[in-house]
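This report refers to the structure that appears directly beneath it.
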Amino acid sequence: TLAFHLSKKETAEKIKNGKYDFVVLQDQSQTPAVFPDQFKKAALGLDKLIDASGAETVFYQTWGRRDGDPQNPQLFPTYDSMQKALSQSYSSAARASNAMLAPVGDAWSALRKKNPGLGQTLYAGDGSHPSKTGAYLAACVFYVTFFQEDPAKLTYASGLPANEAKLIHELSYSHAKTQRR
């Protein structure tokens with residue numbers, strides 16, 4: 001978790017001495033949704049270390065589990081309920097720290113709505129981790145976040161059919177292009 005890393009001297013030293021341009025923060029998949037206050041406190045603490053090092057913080061907004069959170073069904077019985085909580089927590093931390101947001105979860109959600117069949121292929125078999133398609137979507141969002149460039153210009157498409165890659169490019173670009181501060 002981010003709280004674990006914030007408590008580790010080694011993490012602070014690596015941030016301080018790493019000479020990074022960006023430090024990407026992603027918490028354990030459930031923490032920002034289940035424990036939003038704990039997440040935000042740790043996120044803001046790490047952001048202070050990152051700012052002091054001269055790097056920029058980027059929050060890696062993750063996605064909800066395909067069928068909701070089976071470990072917390074009372075809180076997140078559906079994908080949409082979990083995604084809403086994750087999006088809110090990551091966006092709130094990014095605003096509070098004046099940091100960048102890589103809105104992978106929002107692009108993931110948009111793809112699930114626009115093309116439900118393709119949206120289901122974003123997940124590996126466990127319904128939580130990304131498949132090759134999900135990893136490609138995340139990479140496209142980060143490409144836009146870091147470079148403010150349209151991923152349609154990329155020649156690599158992870159072996160996806162052209163129409164699927166095009167949709168991923170479009171949604172990645174539309175969700176991430178406004179996130180850079």
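From the set of residues in segment 34-57 that are open to solvent by 30 Å² or more (accessible area, probe 1.4 Å) and of a type in the set (A, V, I, L, M), which is farthest from TYR123 (Cα to Cα)? Break it down stepwise before answering.
Keep residues of segment 34-57 that are open to solvent by 30 Å² or more (accessible area, probe 1.4 Å), which gives 34-38, 40-41, 44, 48-49, 51-54, 56.
So of that shortlist, the ones also of a type in the set (A, V, I, L, M) come out as 34, 44, 49, 52.
Working: VAL34: 21, LEU44: 29, LEU49: 33, ALA52: 36 Å.
Per the stated criteria, the residue is ALA52.
Can you find a residue in segment 75-86 that is within 20 Å of PHE142 (Cβ to Cβ) and either open to solvent by 30 Å² or more (accessible area, probe 1.4 Å) or at pLDDT 95 or above (or both)?
At the first step, the residues of segment 75-86 found to be within 20 Å of PHE142 (Cβ to Cβ) are 83, 86.
From what's left, either open to solvent by 30 Å² or more (accessible area, probe 1.4 Å) or at pLDDT 95 or above (or both): 83, 86.
Yes: one or more hits.
Just for segment 4-33: of the residues that are part of a loop (DSSP other than H, G, I, E, B) and within 20 Å of SER91 (Cα to Cα), which one is least open to solvent (accessible area, probe 1.4 Å)? Working first, answer last.
Of segment 4-33, the ones part of a loop (DSSP other than H, G, I, E, B) are 7-8, 18-21, 26-30.
Add one more test, that the residue is within 20 Å of SER91 (Cα to Cα), and what stays is 26-30.
Working: GLN26: 92, ASP27: 6, GLN28: 73, SER29: 34, GLN30: 26 Å².
Per the criteria, the residue is ASP27.
Restricting to segment 1-24, give me the number of residues that are under 21 Å from LEU86 (Cβ atoms), free of Cβ contacts under 8 Å to residues at least 40 places away in the same chain and aliphatic (A, V, I, L, M).
First pass over segment 1-24, keeping only residues under 21 Å from LEU86 (Cβ atoms): 1-6, 22-24.
In the following step, the residues that additionally are free of Cβ contacts under 8 Å to residues at least 40 places away in the same chain were identified as 3-4, 23.
Checking which are aliphatic (A, V, I, L, M) leaves us with 3, 23.
Residues in segment 1-24 being under 21 Å from LEU86 (Cβ atoms), free of Cβ contacts under 8 Å to residues at least 40 places away in the same chain and aliphatic (A, V, I, L, M): 2 in total.
Going residue by residue through segment 107-119, is there one that turns out to be assigned to a strand (DSSP E or B), modelled with pLDDT of 95 or more, out of contact with any Asp or Glu (no Cβ under 6 Å at 6 or more places or on another chain) and buried (at least 23 other Cβ atoms within 10 Å of the Cβ)?
Let us first name the residues in segment 107-119 that are assigned to a strand (DSSP E or B), namely none.
Looking for residues that are assigned to a strand (DSSP E or B), modelled with pLDDT of 95 or more, out of contact with any Asp or Glu (no Cβ under 6 Å at 6 or more places or on another chain) and buried (at least 23 other Cβ atoms within 10 Å of the Cβ), one finds none in segment 107-119, hence no.
Of the residues THR155, THR121, THR145, only one is out of contact with any Pro (no Cβ under 6 Å at 6 or more places or on another chain), of a type outside the set (D, E, K, R) and closer than 26 Å to LEU46 by Cα; which? Full working, then the answer.
On the way: THR155 fails: closer than 26 Å to LEU46 by Cα; THR121 fails: closer than 26 Å to LEU46 by Cα.
On inspection, the qualifying residue turns out to be THR145.
Return the residue satisfying two criteria in turn: it lies in segment 127-175 and is outside any helix (DSSP H, G or I) and of a type in the set (S, T, N, Q), and of such residues it is nearest to MET82 (Cα to Cα).
Among those that are outside any helix (DSSP H, G or I) and of a type in the set (S, T, N, Q), it is SER128.
Scan segment 143-173 residue by residue and report those that are under 21 Å from VAL58 (Cβ atoms) and either touching a Leu at 6+ places or on another chain (Cβ under 9 Å) or open to solvent by less than 30 Å² (accessible area, probe 1.4 Å) (or both).
Answer for segment 143-173, where residues must be under 21 Å from VAL58 (Cβ atoms) and either touching a Leu at 6+ places or on another chain (Cβ under 9 Å) or open to solvent by less than 30 Å² (accessible area, probe 1.4 Å) (or both): TYR143, VAL144, THR145, PRO151, ILE168, HIS169, LEU171, SER172.
Considering only segment 129-142, how many residues are small (Gly, Ala, Ser) and open to solvent by less than 30 Å² (accessible area, probe 1.4 Å)?
Residues meeting the conditions: 3.
Considering only residues that are in contact with a strand residue (DSSP E or B) (Cβ under 7 Å, 6 or more places away or on another chain) and not in a loop (DSSP other than H, G, I, E, B), look in segment 58-74 and name the one that is most open to solvent (accessible area, probe 1.4 Å).
Start the filter on segment 58-74 by keeping residues that are in contact with a strand residue (DSSP E or B) (Cβ under 7 Å, 6 or more places away or on another chain), which leaves 58-61, 66.
Remaining after also requiring not in a loop (DSSP other than H, G, I, E, B): 58-60, 66.
Values: VAL58: 0, PHE59: 0, TYR60: 40, ARG66: 62 Å².
Once the filter is applied, the top-ranked residue is ARG66.
Which of the numbered conditions does ASP126 fail, given that it passes all the others? Conditions: (1) surrounded by fewer than 16 Cβ atoms within 10 Å (Cβ to Cβ); (2) touching a helix residue (DSSP H, G or I) at 6+ places or on another chain (Cβ under 9 Å); (3) among the acidic types (Asp, Glu).
Going through the list (1) surrounded by fewer than 16 Cβ atoms within 10 Å (Cβ to Cβ); (2) touching a helix residue (DSSP H, G or I) at 6+ places or on another chain (Cβ under 9 Å); (3) among the acidic types (Asp, Glu), ASP126 breaks only (2).
Give me the pairs, please: first residue somewhere in segment 54-77 and among the acidic types (Asp, Glu), second residue anywhere and open to solvent by 30 Å² or more (accessible area, probe 1.4 Å), beta-carbon distance under 6 Å, and either six or more positions apart or on two chains.
Every condition considered, the pairs that remain are GLU56/PHE22.
The values are calculated or read from the model by the stated rules, or taken from the named source; none is laboratory data. Keep in mind that this is a model prediction, so the values were computed, not measured. Positions of Cβ are backbone-derived with ideal geometry, glycine not excepted, and every protein chain shown enters the neighbour counts. In case anyone asks, the SASA skips ligands and DNA or RNA and just uses the protein heavy atoms, side chains included. Shrake-Rupley method; radii C 1.70, N 1.55, O 1.52, S 1.80 Å.
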